[in-house]
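Reading through the structure tokens given below for one structure.
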Amino acid sequence: MRGKILISFLTIVNVSCTDQSEFFIKDKEVLFGKAPTVDELDDLEKDEQVKVIKDLCKGEVNSKVIEANFGANYSSCPWNTADNGDRINAKITARVERNVVFELPPNIAICDISFTSPQSSMNYDDDFLLLLDNAVVATNNWMVSEGYDEFGTKKMIFDKHPHFDYYIYDWSKLIYTPAKQPSVGNVIHEAGYCLGRNIGSNCRWPKTENDGVIQVSIASEKIKEIMLENLKNSAHSLSFVVTGDDDINTDCSSSQVKFNLDIKYINLSE
């Protein structure tokens, strides 16, 4: 009788129960006694997914290290190729995209990804964007988050995720936007955009056309949000994009850029 009285004051969330995924409901939050299946986790609202993963990641986690190596590219931009545009001074007109696709085990949820760059120096020309599963995690181009059109009107370049606070890379929205550089600092600086900087993320890189160290540390909350979008996929990608405007000698070029990704994850029920 006591159980029936208690449940009348709670909101039941429609989640299927299996032998491997016990759960109970308390204060409108779904609490799993065991790890849920991918489908059970995917059925929850986005905020509830993050809460469940945060709780599960407090327990035993697994680790896998992935090497993402973007080889040096000293060729200029491929203007007028595919969906790249023609050369225009001070406009982003072309880019070179390099992707590293990595496989993770099935039936897992990501807790965190640590980025370590073993190289002592890197360079790029003009702008770079670092993408995780097509989400912008770092770029020297401050206009990604503080964009203006040619008339000085505030205009965001990329769309945000419909639920989470991060930008989704889309070349069709970036092409022909102004190619402006932050004027902060000398060689190493922290201008530009670093996903989650307001909650503990920290990024550093050299100014365009200069040598320097690249460091990327993204808050685990943002990593969880990005990876939840591809919860049912075992294939993921890290991408390094370099853009240019009109310099036929150096635009879209970069030195080798290498990251070691230390991926922390928990196993879900099958």
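The values are calculated or read from the model by the stated rules, or taken from the named source; none is laboratory data. Just so we're clear, the structure is a prediction, and the values are computed from it rather than from any experiment. All Cβ positions, even for glycine, are placed from backbone atoms using ideal geometry, and neighbour counts span all protein chains on display. What goes into the accessible areas is simple: the full protein's heavy atoms, side chains included, and nothing from ligands, DNA or RNA. Shrake-Rupley method; radii C 1.70, N 1.55, O 1.52, S 1.80 Å.
Some notes on this structure:
- The residues of segment 225-247 that are β-branched (Val, Ile, Thr) and more than 11 Å from the chain's Cα centre (by Cα), listed by number, are Val241, Val242, Thr243.
- Look at (1) touching a His at 6+ places or on another chain (Cβ under 9 Å); (2) in a strand (DSSP E or B) and you find that Asp47 fails only one, number (2).
- The strands (runs of 3 or more DSSP E) falling completely within segment 96-186 that include 2 or more residues that are open to solvent by 40 Å² or more (accessible area, probe 1.4 Å) and either modelled with pLDDT of 95 or more or touching a strand residue (DSSP E or B) at 6+ places or on another chain (Cβ under 6 Å) (or both) map to 108-116.
- Scan segment 226-259 for residues that are in contact with a Ser or Thr (Cβ under 8 Å, 6 or more places away or on another chain) and part of a loop (DSSP other than H, G, I, E, B) and the total you get is 9.
Okay, residues lined up against (1) of a type in the set (A, V, I, L, M, F, W, C); (2) at pLDDT 90 or above:
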| site | (1), (2) |
| --- | --- |
| Ile25 | yes, no |
| Ala35 | yes, no |
| Leu41 | yes, yes |
| Lys58 | no, yes |
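- Listed by first and then second residue, the pairs linking a residue in segment 192-213 that is at positive phi and open to solvent by 10 Å² or more (accessible area, probe 1.4 Å) to a residue that is assigned to a loop (DSSP other than H, G, I, E, B) and charged (D, E, K, R), with Cβ atoms under 8 Å apart and 6 or more places separating them unless they lie on different chains, are Glu209/Asp126.
- Only residues that are surrounded by fewer than 17 Cβ atoms within 10 Å (Cβ to Cβ) and not in a loop (DSSP other than H, G, I, E, B) were counted in segment 260-270, giving 4.
- Restricted to segment 52-92, and to residues there that are touching a residue at least 24 places away in the same chain (Cβ under 8 Å) and touching a Lys or Arg at 6+ places or on another chain (Cβ under 6 Å), the residue that is surrounded by the most Cβ atoms within 10 Å (Cβ to Cβ) is Ile53.
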